[in-house]
Amino acid sequence: MEDVQKRLQEAAANCVNAHKEWIGNQKDAKNRENLMECVHELRKVAARLEIDLAISERDQMGNKPIPIPSHRSNPRGGRGGKGGHDKGAPKGDNNSDDNAGNNNGGSDVKVESKPSRRRASNNKGE
């Protein structure tokens, strides 16, 4: 962590100096390129700092269990009653709310398909 702090201080100081030089003579391509390199180095240090923060947060959160999202913890799918089958239930288990009274294997269930949509014609006006 001390390495990141040292790099951050050096990169920030170099960036400030390069900015002062560029402000003094904005038409000089060398000053502009030097400033761009300093900004790039500052971004790299900031990215390293973000990685260290994420690692630290992950280590601290390692003891806490991750909460189960509501759409996973609700047996009805968390969608107001739609999508109520449980993928984890064993096959042939007809005790769920969706299958109440349908223990005959589903042979009389008729499923209607949606009518197919016509494609829009390219003939506008004919």
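The values are calculated or read from the model by the stated rules, or taken from the named source; none is laboratory data. Note that this is a predicted model, so its numbers are computed, not measured. Cβ atoms come from the backbone with ideal geometry, glycine included; neighbour counts cover every protein chain shown.
Hey, among 105, 78, 92, which residue is in contact with a helix residue (DSSP H, G or I) (Cβ under 9 Å, 6 or more places away or on another chain), at pLDDT below 70 and not β-branched (Val, Ile, Thr)? Only one candidate passes the filter, namely 78. Being at pLDDT 95 or above and charged (D, E, K, R) is true of residue 41.
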